[in-house]
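Please treat every number below as a calculation from the coordinates, not as lab data. This one's a predicted model, so the numbers in the text were calculated from it and none came from an experiment. Virtual Cβ from ideal backbone geometry, glycine too; neighbours counted across all protein chains shown.
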Amino acid sequence: MPDMQPLISDFVLKLKRRKVEGSHAVARQTAELLRSVVSQHRMGSTNQAAALADAIHAVGEHLIAANPIELAVGNTVRRVLHIIKEEDISFTAVGIEGLSVTAVSDDECDSGNDDRPTLSAAVLASHARNALRAPSLQTLLDDIPVSTALSHSSSSAGDSDGKTAGDKSLKTRKLKHDVIAAIGDLIEEIDTCYDQISEQAVEHIHQNEVILTLGRSRTVKEFLYAAKEKKRSFRVFVAEGAPRYQGHALAKELVEKGIQTTVITDSAVFAMISRVNMVIVGVHAIMANGGVIAPVGMNMVALAAQRHAVPFVVVAGSHKLCPLYPHNPEVLLNELKSPSDLLDFGEFSNCMNFSTQDGTPLLNVANPTFDYVPPKLVSLFITDTGGHSPSYMYRLISEYYSADDLVVRRKSTS
């Protein structure tokens, strides 16, 4: 894909430099890039679905390696691979439905049914194999309905050889079109996830409730906005989310919408949790076991909620559903941010210069980005498909991904 290489390289560079902020933007831009890859991919004479999948594996491997901590990249790549498989299976099934294997008895031959085409099992099997093969690129310019291609396959076996190339052309064009359309649906799903989640706010936020959240999550913000627009009266405690203090920005945004808001320090969560009716938070990723990777400090909030029997609710779009488990080697649970978020180098420079005899510094700074919250601490997940318990997440995730695509790596050609 020489035409796509500059676009791919540019996006890889953006991922490496963290120029794309937020899982939502990352997922959408990844899906758009992969749709372009499918659109520009030139089919060969082999299995077209496998060729498309191999192209996505090759690009996806580079994208994931560019920013392995952003799991939304791998999630989107795996969703597209699953789409290719589903469309291929669906199209093959449609092709086979257009054929029939008929065992004709002597009585049936005498009853005047000679004009009905009869296909042997060998011809039917041949058609099923041909449905998985790619045609030449020239046929992509043809505008012949798929039904025409299927009707050709119901002709006599003697004419099938002359029409094989045309059938392959139509199948390739149809498969490619369906995959591109399905990826478009995926992009629309990502775009509308906030609206779909927010529509459920009135079902969970009731009058005069007190809600606690940590940091700044757009999904949580839109969720609270929707409840306010439905005339719900409630109060929000916002833990500030040190050391970046994104909770301050969220508190300002909530106040501008007329929502009663109180900012608290992260260390005050246990002291204030007894006054709270519900904890609503956003997360970085939802793992296959129902656990979540969330901003640092979230595990403390979840433990406080459990201790005081306060529901701990996670709101997240489907693009954050990850088919991997926390212990998988492909998962990076954390990364360390700059120590400058915690300490001023000018003020602590003298401490950092002191060292032991072996050269190691006496003062070290750890600034992790994420926490892991196990599924036993989560009460409910609210996604764009509805509310789900942690035990259901594995089944929900299995509907979006194929088991053989968990490791995204280009298939070796030996």
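Quick notes on this one:
- Net charge contributed by nearby residues that have their C-beta within less than 12 Å of CYS322 (K/R +1, D/E -1): +1
- Pairs from LYS230/LYS337; LYS14/LYS320; LYS14/LYS176; LYS19/LYS230; LYS85/LYS376 whose Cα-Cα separation, in the structure shown, is over 30 Å: LYS230/LYS337; LYS19/LYS230; LYS85/LYS376
- Under 5 Å from the amide H of VAL292 lie the amide H atoms of MET287, VAL373, each residue being 5 or more positions distant or on a separate chain, with H modelled from the backbone and absent for Pro and chain starts.
- For GLY297, the shell of other residues with beta-carbons less than 12 Å away shows a net charge of -2, using +1 for Lys and Arg and -1 for Asp and Glu.
- Each part gets one Cα centre, and for segment 366-414 versus segment 186-245 those centres are 22 Å apart.
- Amide H partners (placed H, <5 Å) of THR369, local residues excluded: GLU335, LYS337
- Taken about its Cα centre, segment 194-400 carries a charge dipole of roughly 680 debye when the Cβ of each Lys and Arg holds +1 and the Cβ of each Asp and Glu holds -1.
- Taking amide hydrogens as placed 1.01 Å from N in the peptide plane, the amide H of GLY241 sits under 5 Å from those of GLY215, GLY247, ASP266, each at least 5 positions away in sequence or on another chain.
- Among 330-338, 223-231, 269-277, the order from most to least packed when residues are scored by Cβ within 10 Å on average: 223-231, 269-277, 330-338
- Within-14-Å neighbourhood charge of LEU333 [Cβ basis; K, R +1; D, E -1]: -4
- Take the Cβ atoms of ARG410 and ALA25, set R0 to 25 Å, and the FRET efficiency comes out at 0.45.
- The string of couplings for segment 58-70 from the Karplus curve (6.51, -1.76, 1.60, θ = phi - 60°) is 5, 5, x, 4, 5, 5, 5, 5, 5, 8, x, 6, 8 Hz, one whole number per residue in order, with x for Gly and Pro.
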